[in-house]
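All of the numbers you see were taken from the coordinates with simple rules; none came from a lab. None of the values given here were measured: they were computed from a predicted structure. Here the Cβ positions follow ideal geometry from the backbone for every residue, glycine too, while neighbour counts run over all protein chains shown.
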Amino acid sequence: MQSKLSKIATIQTGVYAKPSHHGDAIYLQSRHIDSSGDFDKNLQPDITLDDRTSKFILKSGDLLFTAKGYKNISVIYESKLGLAVASSTFFIIRVNNNVVTPEYLSWFLNHPRTQKYLKAQAKGASPPSISIGTLEELQIEVPDIAAQQEILRVHSLRKKEASIIQQIEVLKEQALQYRLYHSTIKKDGAL
């Protein structure tokens, strides 16, 4: 089944605010997300909530989609991060039914085919941005929940495999450098 994103989720922009050194909530910005789509582990409350910003408090399961810039990824906010508000560089996507899970929707938005489509729709030269209308009209492939869970299970296993392969490569390089270093010392007696 296919559905427009606007039929299965609500989309709103984040809020522009000035962060400070102290606050009631975390002001999430794109710089708080690393290249693998994980939030910075050392987030600290840096925005004081008021009538305007309180309307943008995130709920667990909200997707944050980076609409501005060259890295248009989706991440899922979880309340364990702490009370948070999303900056205006994000669209906040909130699933409004039981047909699709936030995790599957995030996977779909980050899929290379979807990313290619969205980048082709981006407006502006530097930095490009994706409009809320483009997201609302995006056609989402929505399999049943069991299939969504299976896709996510396979995707999770693939990410673990890639991480293990990367760790193996690091260890191989360390072992090689160790052998090279010690073979040089044995030959020359010193470096």
Q: State the three equivalent ellipsoid semi-axes of the chain, derived from the C-alpha gyration tensor as the square roots of 5 times its eigenvalues, in descending order and whole Å.
A: 37, 24, 17
Q.
Below 12 Å, Cα to Cα, which aspartates and glutamates can Lys7 reach? Residues fewer than 8 away in the same chain don't count.
A. Glu136, Glu137
Q: Indicate the gyration tensor shape class of the stretch 57-152 (rounded, prolate or oblate), computed on the Cα atoms with a ≥ b ≥ c the square roots of the eigenvalues: a/c under 1.5 is rounded; otherwise a/b larger than b/c is prolate and the rest oblate.
A: oblate
Q: Just give me a number: lysine pairs in the stretch 144-191, eight or more positions apart or cross-chain, with C-alpha atoms less than 25 Å apart.
A: 4
Q.
Given the options Leu171, Gln121, His22, identify the residue whose Cα lies farthest towards the positive end of the charge dipole of the chain (+1 on Cβ of Lys, Arg; -1 on Cβ of Asp, Glu).
A. Leu171
Q. Where in the chain are the DSSP H helices whose alpha-carbon span along the long axis reaches 18 Å or more and whose Kyte-Doolittle mean is at least -1.0?
A. 145-188
**Q.** 222 nm mean residue ellipticity, helices alone, for the chain (DSSP H n ≥ 4; -39,500 (n - 2.57); rounded to 500)
**A.** -12500 deg cm²/dmol
Q | Cβ-Cβ FRET estimate between Glu173 and Lys55, R0 fixed at 45 Å, reported to 0.05 | A | 0.35
